[in-house]
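Q: The structure is given below, and queries will be raised subsequently.
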Amino acid sequence: MGFLERELALEVVRVTELAALASAPWMGRGDKNSADDAATSAMRAMFDSVSIRGTVVIGEGEMDEAPMLYIGEKLGNQQGLEVDVAVDPLEGTALVAKGLNNALSVIAIANKGNLLHAPDMYMEKLAVGPNLAGKLSILDPVESTLRKAAEILQKKISDLTVMILDRDRHEQLIQTLRDVGVRIKFLSDGDVAGAIAPAFPEAGIDLYLGSGGAPEGVLAAAALKCLGGEFQGRLMPEDQLQFQRCIDMGILDPLKVLTMEDLVGNEDVIFAATGVTDGEFMGGVRYLSNQQAETHSIVMRAKTKTIRFIRTLHYLPNKAFLAINQTNQMDVK
């Protein structure tokens with residue numbers, strides 16, 4: 001088995017930067033599909049310069065659903081290590097359309113065979129930072145989990161902050177959280193950013209709970225492995241067809257608790273993200289004078305636990321190209 005190279009991390013962050021730059025002109029314009037298309041086109045074009053033999057295991061959908069970055073698509077210049085690639089060119093399309101916080105462009109890369117081929121369905125999730133890693137279980141009642149977390153963190157339960165997606169399906173869970181007395185911070189969208197937040201002290205989030213997309217769970221698990229946190233998940237097939245789809249994708253027990261090893265393997269992982277809009281731990285794209293734009297990115301590697309925050313100034317000779325989704329014609333470096 002080959003080893004992910006340090007230089008690959010910086011190559012990958014250039015891909016998320018371009019995707020973020022491509023989607024940013026659509027912020028607040030109410031057109032989430034165009035924002036997503038712009039990010040996807042840019043990410044795919046930029047991947048051509050990355051020295052990997054990559055296969056998309058989490059992408060924009062199946063080949064008949066997505067014209068690019070589909071599951072099974074080959075990425076990279078086919079001259080490097082054979083790897084699994086998980087992508088979300090624009091995590092939080094609705095956030096960009098509405099001009100809200102926490103939209104990201106995200107990539108995770110691991111050696112071939114390490115990233116879970118997650119089906120496109122809901123997953124129950126528990127995400128925590130380093131101080132709670134290995135000490136809680138998604139199988140425990142929520143009340144028990146919160147009391148245990150408060151004890152470990154040496155906090156009052158009323159001082160805990162839990163992040164959760166604001167969805168009708170969480171009505172009962174939200175009521176339980178209120179009954180226990182914790183603070184709740186709601187997300188309108190942005191499942192990956194929410195699950196990562198507990199690993200950043202400045203975010204002020206102790207746990208992430210609730211259900212969200214399974215593919216986003218794999219991306220969050222990759223980030224948390226680099227950050228020393230933990231992610232636990234459990235798929236939520238809604239019918240027999242979804243149950244069978246899990247089995248067809250290699251998940252023989254669709255209802256089992258998925259650990260970090262199940263989700264991202266036990267080898268090295270690289271995670272990169274660039275903010276499109278401002279978020280809990282990273283700024284979004286900002287347009288400056290002199291035809292420049294500023295991006296804020298994070299790139300991490302599990303093997304070394306290295307976390308790099310990167311602020312980059314990009315020269316945009318013609319921003320209109322980005323706005324009309326012709327990023328492959330740009331020379332953004």
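The values are calculated or read from the model by the stated rules, or taken from the named source; none is laboratory data. Keep in mind that this is a model prediction, so the values were computed, not measured. When we count neighbours, we look across all protein chains shown, and the Cβ atoms used for this are built from the backbone with ideal geometry, even at glycine. Accessible surface is based on the protein model in full, side chains and every heavy atom, while ligands, DNA and RNA are left aside. Shrake-Rupley method; radii C 1.70, N 1.55, O 1.52, S 1.80 Å.
Q: How much of the DSSP bridge set in the stretch 10-90 is antiparallel, in percent, rounded to the nearest 5?
A: Details: 2 of 8 bridges.
Of the beta bridges lying entirely in the stretch 10-90, close to 25 percent run antiparallel.
Q: Between Glu267 and Lys305, what is the label-to-label distance in nm when each label sits 7 Å out along the Cα-to-Cβ direction?
A: It works out to 2.2 nm between the two label points.
Q: Quickly work out the Arg286-to-Thr176 label distance, labels modelled 7 Å from Cα along the C-beta direction, and quote it in nm with one decimal.
A: Reported label-point gap for Thr176 and Arg286 is 4.1 nm.
Q: When you take every Cα atom in the chain, what is the radius of gyration, and what is Dmax, the widest Cα pair distance, in Å?
A: Cα-based Rg and Dmax for the chain come out at 19.1, 57 Å.
Q: For Ile184, list long-range residues whose amide hydrogen, built 1.01 Å from N in the peptide plane, is under 5 Å from its own amide hydrogen.
A: Correct list: Val162.
Q: Please give me, ordered by residue number, the trypsin sites (Lys or Arg not before Pro) of the stretch 50-136 that lie in loop per DSSP and have at most 11 other Cβ atoms within 10 Å.
A: Qualifying residues, ordered by number: none.
Q: Another question about this same structure. What does the accessible area per residue of the chain come to in Å², with a 1.4 Å probe and no ligands, DNA or RNA counted?
A: Working: 14350 Å² over 333 residues.
Counting only protein heavy atoms, the per-residue value for the chain is 43 Å².
Q: HN-Hα J couplings of the stretch 152-159 from phi, Karplus 6.51/-1.76/1.60, θ = phi - 60°, integer Hz, Gly and Pro as x?
A: Karplus values, whole Hz, x for Gly and Pro: 5, 7, 6, 10, 6, 4, 5, 9.
Q: List the GluC sites (Glu not before Pro) within the stretch 222-315 that DSSP assigns to loop and that have no more than 12 neighbouring Cβ atoms inside 10 Å.
A: Working: sites: Glu230, Glu238, Glu261, Glu267, Glu280, Glu294; in loops: Glu238, Glu267, Glu280.
Here the sparse-neighbourhood loop sites are Glu238.
Q: If you don't mind, another one. Under 5 Å between amide H atoms, partner at least 5 residues away or on a different chain: which partners does Ile310 have, H built in plane at 1.01 Å?
A: Ser297, Ile298, Val299
Q: For the stretch 1-89, state which GluC sites (Glu not before Pro) are in a DSSP loop and have at most 12 other beta carbons lying within 10 Å of their beta carbon. List each step's numbers first, then the result.
A: Details: sites: Glu5, Glu7, Glu11, Glu17, Glu60, Glu62, Glu65, Glu73, Glu82; in loops: Glu5, Glu60, Glu62, Glu65, Glu73.
Loop-located and lightly packed - Glu62, Glu65.
Q: Moving on to the next point. Counting only protein heavy atoms and using a 1.4 Å probe, what share of the accessible area of the chain belongs to carbon plus sulfur, as a whole percent? Don't skip to the answer; put the middle values down first.
A: Working: 6700 of 14350 Å².
Heavy-atom surface of the chain belonging to carbon and sulfur, 1.4 Å probe: 47 percent.
Q: For Lys98, give me every one of the lysines with a C-alpha distance below 21 angstrom, ignoring sequence neighbours fewer than eight places off in its own chain.
A: Once the sequence-local lysines are set aside, what remains near Lys98 is Lys32, Lys185, Lys319.
Q: For the stretch 49-56, just list the computed ³J(HN,Hα) in residue order, Karplus coefficients 6.51, -1.76 and 1.60, θ = phi - 60°, integers in Hz, with x standing in for Gly and Pro.
A: Each residue's phi maps through the Karplus curve to give 9, 8, 7, 9, 10, x, 10, 6 Hz.
Q: Picking from Ala195, Ala35, Ala97, which is most flexible by a Gaussian network model of the chain using Cα springs under 10 Å?
A: Ala97
Q: Could you work out the mean projected area of the convex hull around the alpha carbons of the stretch 236-298, in square nanometres to one decimal? Please report the intermediate quantities before stating the final value.
A: On the way: hull surface 30.0 nm².
Across all orientations, the stretch 236-298 yields a mean hull projection of 7.5 nm².
Q: In addition: If I take the Cα coordinates of the stretch 104-259 and project them onto the principal axes, what are the three extents in Å, biggest first?
A: 45, 32, 27
Q: OK, next. Under a straight-distance cross-link criterion of Cα-Cα below 21 Å, which lysines are reachable from Lys135, leaving out those fewer than 8 residues away in the same chain?
A: Straight-line reach from Lys135, under 21 Å: Lys125, Lys148, Lys155, Lys156, Lys225, Lys256, Lys305.
Q: Report ³J(HN,Hα) in whole Hz for each residue of the stretch 229-237, in order, from the Karplus equation J = 6.51 cos²θ - 1.76 cosθ + 1.60 where θ = phi - 60°; Gly and Pro get x.
A: x, 9, 10, 10, x, 8, 5, 10, x
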